[in-house]
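The numbers here are math on the coordinates, done by the rules we state, and not lab data. Predicted model only: the values in this text are computed from it and were never measured. Because the Cβ atoms are built from the backbone with ideal geometry, glycine has one as well, and the counts that use them run over all protein chains shown.
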Amino acid sequence: MNLSRLQTLFIEALQGETPAELKTQIHSRQLSAEQCIELHRHNSRQTHEQALAEMFPVTEQLVGDEFFHQVAGEYDHSFPAETADLSHFGDRFPILLLKLTARHRELDKLRFLPELARLEWLLHYAETAADDRPFDFTTLRAVDKDDQDRVTFKVSHALNVMFSDYPVLSIWRAHQQRQPDALSLEGGSEWLCIYRQQDRPAIDVIPPTVATLLGEMMQGHPLGQLAEHFANLERHLPAMVRQGWLSGFYLADQAA
Amino acid sequence: MMPVYKPWPASGVGIGLRHEHIQAVLAQKPKLCWMELLIDQHLSSGGAPLHQLEQIRHNYALTLHGTSLSLGGCDPLDTVYLQRVKKLARHLATSWLSEAVGFSSANGQFSHELLPLPYTEEALEHLCGRIRQAQDILGQRLLLANPARYLQFNHSTLSEGEFLAAMAERSDCELLVDLNNLYINEHNLGEPAEQTLTALPAGRVREIHLSGYHDQHGHLLGSHDSPVQPAVWQLFQRALELFGDTPTLVEWDQQLPPLERLLEEAQRARQLMKKVNDRQRQAP
């Protein structure tokens, strides 16, 4: 059996049944071929489940170890890791939870789970995202008046915005304080800004206008265009810079 | 801006630094020359995780160890991942980078579990090409570690020692000798550890790993969840006789004890290293 074929069969075996063709190729002193494969299968799943548990601790607390174990197994099977970088492994976990909550009526009480998991994913992202350079006010002040409409702000690497139909921030906070009994689905329908402040992930509830403004900035809309869509820009911009949400700027027809 | 660090290299006895010990290391500043980071735990581009490592780097030399690069794999190398590793290594001015012999992906799927290669000429040639490719991208030599193996392939034609020695020569890489893995392979597969040790080119051995194993119904697993076992200490003494004063790392990954316990293991390794060195100096 050539190397490529052997590797394909081995990875297939980790995802499900061990192909007979592979079993005939391996031996060990004390274990059967299937037991040998099972050791590696178990290790791979455990590594992936542990990574998910670290990225989605509140989701794990809410559903319990056993259910989380099952969901992690399904995730491993439905969304196999596509990169060597384990820190990206959980990126599609909220999608799986969305599918599961839509498919299983018994999960109706936990219908907020996909959005909670999305919040946890963005917190994980914010924690480890690249550092921003300090905002260069001097250069901004020096921009020619005629060029000001072309000023395009760079949003912090760590920042993301999400909308939730459910009070996921309250749920998340209750679990930080070990008060899971305080769980309530009252409220919600809120925009959240997830970012990094003083080296730690942070979450703010933001007005819809600010969420839209950040969204347009993330799409690279220049100041002139923003001014057409948003009143009170002069009030929002300094606050955004102070919060560390904006990390720099460039002129629209220049490379970022 | 890139921080500037003292350029001392890793030497003597170090420990594997795990998340749970970072605060204790920052507070206690244990007397060690170096520590090794598991790449998968520390591949941050910024924020507190990276800044804590920068603080640690001010007091210690650091090395990086990974198992996810799938150097023996037949899929194309994950160069995005490799570039991130390179960036982290440069940022922290690490002494060296090590990876394990094996593969972990196929057909675009990554298992994050180190899987064994058959010890054949085909696998050897393939692996050597990939090591050279990775070394070219990284701009430095890699250290390749012998894996813990739970199975053998019927069509293997080379012993582990022959495979590793040929790999080091052909790809111009260096070696990380994991003594716990050698012992596990001896127990599980009947490959004498002494035979593997003596087959390795001493001039290419750059690092030694010590750790504990788990005995699961008579089959040993490289779990790194216990102290270094007596048989592995014996192998350590033999390895020092063969390879001389080699930077040595004590690893403990699961059932992690307090930092002090890990430092005790490091102290034991240091004492043994001194004993062997003294004896070799006195030898005629």
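Helix content alone sets the calculated 222 nm mean residue ellipticity of chain B: runs of n ≥ 4 DSSP H residues at -39500 (n - 2.57) each, divided across all residues, give -13000 deg cm²/dmol.
Beyond 34 Å, what share of the Cα-Cα pairs of chain A is found? Please give it as a whole percent. Every Cα pair in chain A considered, those over 34 Å come to 37 percent. For a paramagnetic label modelled on B:E20 (point 7 Å from Cα along Cα→Cβ), amide N atoms under 19 Å away belong, within region B:210-237, to B:210-215, B:221-229.
Expressed per residue, the C-alpha convex hull volume of the protein assembly as shown stands at 175 Å³. Note on B:C128, B:C173, B:C33: ascending count of other Cβ atoms within 10 Å places them as B:C33, B:C128, B:C173, the fewest first.
Ranking B:N181, B:P9, B:L43 by how far each Cα lies toward the positive end of the dipole of chain B (charges on Cβ) leaves B:P9 at the top. Within region B:27-103, the trypsin sites (Lys or Arg not before Pro) that combine a DSSP coil assignment with at most 14 other C-beta atoms in a 10 angstrom radius are B:K31.
Couplings 3J(HN,Hα) of region B:222-236, computed from phi: x, 8, 6, 10, 7, x, 5, 7, x, 5, 6, 4, 4, 5, 4 Hz, in residue order, whole Hz [Karplus 6.51 cos²θ - 1.76 cosθ + 1.60, θ = phi - 60°; x for Gly and Pro]. Close amide-amide hydrogen proximity is noted between A:L246 and A:S156, A:V241, each under 5 Å apart and 5 or more residues distant or on a separate chain (H modeled in the peptide plane; Pro and chain starts excluded). In terms of other Cβ atoms within 10 Å, A:H42, B:H187 run from fewest to most in the order A:H42, B:H187. Contact order for region A:32-112, expressed relative to its length and based on alpha carbon pairs under 8 Å spaced 6+ residues apart, stands at 27 percent. Placing unit charges on each Cβ (+1 for Lys and Arg, -1 for Asp and Glu) gives region A:169-232 a dipole about its Cα centre, and among A:L214, A:A231, A:S184 the Cα reaching farthest toward its positive end belongs to A:S184.
Which chymotrypsin sites (Phe, Trp or Tyr not before Pro) does region A:62-114 hold that lie in a coil by DSSP with at most 14 other beta carbons within 10 Å? Let's see the in-between values first.
On the way: sites: A:F67, A:F68, A:Y75, A:F89, A:F112; in loops: A:F112.
Within region A:62-114, no chymotrypsin sites (Phe, Trp or Tyr not before Pro) qualify (loop, at most 14 other Cβ atoms within 10 Å).
Leaving out same-chain residues fewer than 8 places away, which lysines sit with a Cα under 21 Å from that of A:K99? Of all the lysines, those that pass the test against A:K99 - Cα under 21 Å, at least 8 places apart if same chain - are A:K109. Projecting the Cα atoms of B:V232, B:T196, B:V250 onto the charge dipole of region B:121-268 (Cβ charges, centred on the Cα centre) puts B:V250 farthest toward the positive pole. Computed from the C-beta positions of B:S156 and A:Q148 and an R0 of 60 Å, the FRET efficiency is 0.30 to the nearest 0.05. Assuming charge only on the beta carbon of Lys and Arg (+1) and of Asp and Glu (-1), the dipole of chain A about its Cα centre is about 180 debye to the nearest 20.
Taking a straight line from the alpha carbon of B:K29, these lysines sit under 24 Å away, with near neighbours fewer than eight places off in the same chain left out: B:K6, B:K274.
Please work out the C-alpha center-to-center distance from region B:209-284 to region B:41-103 and express it in whole Å. Each part's Cα centre sits 24 Å from the other's.
Once you keep just the Cα pairs under 8 angstrom separated by 6 or more residues, what percentage relative contact order results for region B:13-282?
16 percent
Here the scattering of region A:1-111 is modelled by Debye summation over its C-alpha atoms, one equal scatterer each and no solvent; at q = 0.11, 0.12, 0.19, 0.20 Å⁻¹ the log10 of I(q)/I(0) is -0.44, -0.52, -1.00, -1.06. In chain A, excluding the sites themselves, the longest stretch lacking any of the GluC sites (Glu not before Pro) that are in a DSSP loop with at most 15 other Cβ atoms within 10 Å is A:83-185.
Taking a ≥ b ≥ c as the square roots of the eigenvalues of the Cα gyration tensor, region A:131-256 is classed as prolate, since a/c reaches at least 1.5 and a/b is larger than b/c.
Could you work out the relative contact order of region B:82-194, using alpha carbon pairs under 8 angstrom and six or more residues apart, expressed as a whole percent?
It comes to 28 percent, rounded to a whole number.
Each part gets one Cα centre, and for region A:51-114 versus region A:206-256 those centres are 34 Å apart. Charge dipole of region A:1-111 (Cα centre as origin; +1 on each Lys and Arg Cβ, -1 on each Asp and Glu Cβ, all else neutral): 200 debye, rounded to the nearest 20. Here region B:160-246 is assigned +1 on the Cβ of each Lys and Arg and -1 on the Cβ of each Asp and Glu. Its dipole about the Cα centre then comes out at about 60 debye. The sum of -39500 (n - 2.57) across all DSSP H runs of n ≥ 4, divided by the residue count of chain A, sets its helix-only mean residue ellipticity at 222 nm to -15500 deg cm²/dmol. When DSSP assigns beta bridges and you keep just the ones with both residues in the protein assembly as shown, what percent turn out antiparallel, to the nearest 5? Looking only at bridges with both residues in the protein assembly as shown, the antiparallel portion is about 50 percent.
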